[in-house]
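The values are calculated or read from the model by the stated rules, or taken from the named source; none is laboratory data. Only a predicted model underlies this, so the values are computations on that prediction, with no experimental measurement involved. So basically every Cβ, Gly included, is an ideal-geometry build from the backbone, and we count neighbours across all protein chains shown. The protein model used for the area step is the full one, side chains on, heavy atoms only, and it has no ligands, DNA or RNA in it. Shrake-Rupley method; radii C 1.70, N 1.55, O 1.52, S 1.80 Å.
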Amino acid sequence: MDDIVVIGAGQAGASLVAKLRAQGFTGALTLIGDEPVLPYERPPLSKGYLLGQSNVEKLTLRPQSYYDDAQITVLTGTRVTAIDRERHLVVTDDAEIGYGQLALTTGSFARALSAEQGGGLKGVFTVRTLADVDAMRPGMHDKARVLVVGGGYIGLEAAAVASKLGCSVTLIEQGPRILGRVAAAETANYFRALHREHGIDMREGVGLDTLDGTDSVQSATLSDGTTLDVDCVIVGIGIDPATGLAEAAGLTVDNGIKTDALGQTSDPAIWSAGDCASFPFRDQRIRLESVQNAIDQAEAVAANMLGAAKPYNPFPWFWSDQYDCKLQIAGLCTGYDAVVTRGAGARMSVWYYRGDTLLAVDAMNDARSYMVGKRMLEVGVSPHAEAVADPSSNLKQLLKS
């Protein structure tokens, strides 16, 4: 049987089925998603969509006509309950769908507060789906008292949008500082100052004890004993890979659905890509949570499902928009032992090194540093840190040398 089924209708799933058709796959192709809409972009949810500057049509990756013309069956609002590996069947609430090959692009889900913390109260939201943001919007009115829990990029983006909407915003981060897991102190210092300039009450080293209210959230008690009156709570405490189906089917899971360099899981008929997949990368196993990876990895897996046998070797890059700042990140800073900064004020960049090797660059409103740093990482050039930090040095010359 040549049929291919893809479970998970996010960016990775949509990219995978499109690539399969573009590569000449002519068999039956089915994309299954549990949301009641066609695949759409997620990054604008916490930015333009929440601000009301975008709508569902603008977020939708491809119209229904594309899937019709490409003869791709898209099952929206469909929950997959099991994978029968022995019989090569995907089981949904009301059907069984056979497959020759199966791809899992199930993505990730936002971590939620526990019921004991008050996570079940009305007015408490995560930012992961259209439904999340649609439910949140009515409470994000002018003068609303908004508490953002978590000082990662999702929390910071949500705080920026809430501020733009006229809300009174408090952001708490239980770690010693914001961006503690993903960026150097220098980058955190930049964004702390930026948010405080826009009136955000930012409290680091402070966690959440409980949310209280009879039906809807009314107050929050913080770990330092402070009590805040709140109308809306946005929870941005990270995401986890959606591995439940894979685990139940007996596939190997290791910080995500474990794949080899081609994207193949422990079952040779099943593949995986996107937020949910972990794969070998430079002597380690990683997961990448980004649109760029979802697209690139899905396209690589599609080609390998058709026999390309080409290992996936990504070049990671990311971005974040907050107020009038555009952050662009090239590379992975994991394992850095030194940083240098270039520039100052609204336009600056942070360069990460391990020993003499350049690992990554954070560029804030500095597209030139981002582009040159990205190219350096792509070709394996590591300029001396002192030269990067010297404002008189020419980055393009450093790249050439």
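Can you tell me which residue within segment 191-205, out of those that are hydrophobic (A, V, I, L, M, F, W, C), more than 21 Å from the chain's Cα centre (by Cα) and within 14 Å of residue 325 (Cα to Cα), is surrounded by the most Cβ atoms within 10 Å (Cβ to Cβ)?
Taking the candidates together, the pick is 194.
From the residues in segment 34-46 that are open to solvent by 30 Å² or more (accessible area, probe 1.4 Å) and assigned to a loop (DSSP other than H, G, I, E, B), which one is nearest to residue 238 (Cα to Cα)?
Only one residue tops the list, namely 42.
Just the residues that are under 24 Å from residue 179 (Cβ atoms) and over 29 Å from the mean Cα position of the chain (by Cα), please, taken from segment 356-394.
Once the filter is applied, which keeps residues that are under 24 Å from residue 179 (Cβ atoms) and over 29 Å from the mean Cα position of the chain (by Cα), segment 356-394 yields 385, 388, 389.
Results for (1) on the phi > 0 side of the Ramachandran plot; (2) touching a Phe, Trp or Tyr at 6+ places or on another chain (Cβ under 6 Å); (3) among the polar types (S, T, N, Q); (4) open to solvent by less than 60 Å² (accessible area, probe 1.4 Å), shown as yes or no for each residue.
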{"site": "319", "(1), (2), (3), (4)": "no, no, no, no"}
{"site": "351", "(1), (2), (3), (4)": "no, no, no, yes"}
{"site": "355", "(1), (2), (3), (4)": "yes, no, no, yes"}
{"site": "389", "(1), (2), (3), (4)": "no, no, no, yes"}
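Within segment 113-139, restricting attention to residues that are of a type in the set (Gly, Ala, Ser) and open to solvent by 30 Å² or more (accessible area, probe 1.4 Å), which residue is nearest to residue 215 (Cα to Cα)? Full working, then the answer.
Of all residues in segment 113-139, those of a type in the set (Gly, Ala, Ser) come to 114-115, 118-120, 123, 131, 135, 139.
Cutting the leftovers down to open to solvent by 30 Å² or more (accessible area, probe 1.4 Å) gives us 114-115, 120, 131, 135.
Values: 114: 16, 115: 13, 120: 9, 131: 20, 135: 16 Å.
Ranking the candidates gives 120 first.
Which of the residues belonging to segment 85-95 are in contact (Cβ under 8 Å) with a residue 12 or more places away in the chain and assigned to a strand (DSSP E or B)? Walk me through it before giving the result.
The first filter runs over segment 85-95 and keeps only residues in contact (Cβ under 8 Å) with a residue 12 or more places away in the chain, leaving 85, 88, 90, 92-93.
90, 92 - these are the residues of segment 85-95 that are in contact (Cβ under 8 Å) with a residue 12 or more places away in the chain and assigned to a strand (DSSP E or B).
Name the residue that is nearest to residue 319 (Cα to Cα), counting only residues in segment 50-83 that are in contact (Cβ under 8 Å) with a residue 40 or more places away in the chain and among the charged types (D, E, K, R).
Here the answer is 62.
Considering only segment 17-49, state which residues are under 16 Å from residue 133 (Cβ atoms), in contact (Cβ under 8 Å) with a residue 40 or more places away in the chain and not hydroxyl-bearing (Ser, Thr, Tyr).
Matches in segment 17-49: 35, 36, 37, 41, 42, 43, 45, 47.
Looking only at segment 140-158, count every residue that is buried (at least 20 other Cβ atoms within 10 Å of the Cβ) and either among the small types (Gly, Ala, Ser) or on the phi > 0 side of the Ramachandran plot (or both) and tell me the total.
So the answer is 5.
Residue by residue through segment 59-90, note down the ones that are surrounded by fewer than 13 Cβ atoms within 10 Å (Cβ to Cβ), more than 25 Å from residue 46 (Cα to Cα) and polar (S, T, N, Q).
Within segment 59-90, 65, 71, 81 meet the criteria.
Quick one: what pairs do we get from segment 325-337, first residue in contact (Cβ under 8 Å) with a residue 12 or more places away in the chain, second part of a loop (DSSP other than H, G, I, E, B) and open to solvent by less than 50 Å² (accessible area, probe 1.4 Å), C-beta under 6 Å, 6+ apart or different chains?
Here the result reads 332/316, each pair linking segment 325-337 to a residue that is part of a loop (DSSP other than H, G, I, E, B) and open to solvent by less than 50 Å² (accessible area, probe 1.4 Å).
Restricting to segment 237-277, and then to whatever is among the β-branched types (Val, Ile, Thr) and open to solvent by less than 10 Å² (accessible area, probe 1.4 Å), can you tell me which residue is nearest to residue 311 (Cα to Cα)? Before the answer, list the steps.
We begin by selecting, within segment 237-277, every residue among the β-branched types (Val, Ile, Thr); these are 237, 239, 243, 252-253, 257, 259, 265, 270.
Those still in the list that are open to solvent by less than 10 Å² (accessible area, probe 1.4 Å) too: 257, 259, 270.
Numbers: 257: 17, 259: 11, 270: 16 Å.
That would be 259.
Test residue 360 against the criterion of being at negative phi, of a type in the set (A, V, I, L, M), out of contact with any strand residue (DSSP E or B) (no Cβ under 8 Å at 6 or more places or on another chain) and crowded, with 21+ Cβ neighbours inside 10 Å, and give yes or no.
On the way: at negative phi: yes; of a type in the set (A, V, I, L, M): yes; out of contact with any strand residue (DSSP E or B) (no Cβ under 8 Å at 6 or more places or on another chain): no; crowded, with 21+ Cβ neighbours inside 10 Å: yes.
Criteria not met by residue 360.
Out of all the residues in segment 30-48, is one or more under 14 Å from residue 305 (Cβ atoms) and either small (Gly, Ala, Ser) or in contact with a Lys or Arg (Cβ under 9 Å, 6 or more places away or on another chain) (or both)?
No; the residues of segment 30-48 include none that is under 14 Å from residue 305 (Cβ atoms) and either small (Gly, Ala, Ser) or in contact with a Lys or Arg (Cβ under 9 Å, 6 or more places away or on another chain) (or both).
Out of the residues in segment 86-129 meeting the condition of being among the hydroxyl-bearing types (Ser, Thr, Tyr) and within 30 Å of residue 307 (Cβ to Cβ), tell me which one is nearest to the chain's Cα centre (by Cα). If you could, list the steps in order and put the result at the bottom.
Just the residues of segment 86-129 that are among the hydroxyl-bearing types (Ser, Thr, Tyr), to begin with: 92, 99, 105-106, 108, 114, 126, 129.
Subsequent filtering for residues that are within 30 Å of residue 307 (Cβ to Cβ) retains 92, 99, 105-106, 108.
Values: 92: 27, 99: 29, 105: 13, 106: 13, 108: 8 Å.
Here the residue is 108.
Among the residues of segment 183-190, is any over 29 Å from residue 115 (Cβ atoms), surrounded by 21 or more Cβ atoms within 10 Å (Cβ to Cβ) and aromatic (Phe, Trp, Tyr)?
Checked segment 183-190: at least one residue is over 29 Å from residue 115 (Cβ atoms), surrounded by 21 or more Cβ atoms within 10 Å (Cβ to Cβ) and aromatic (Phe, Trp, Tyr).
For segment 348-391, how many residues are in a strand (DSSP E or B) and in contact with a helix residue (DSSP H, G or I) (Cβ under 9 Å, 6 or more places away or on another chain)?
Applying the first criterion (in a strand (DSSP E or B)) to segment 348-391 yields 348-354, 357-364.
Filter once more, so that each one left must be in contact with a helix residue (DSSP H, G or I) (Cβ under 9 Å, 6 or more places away or on another chain): 348-351, 353, 358-364.
Selection size over segment 348-391: 12.
Every residue in segment 332-341 that is modelled with pLDDT under 95 and open to solvent by less than 40 Å² (accessible area, probe 1.4 Å), please.
Result: 333, single match.
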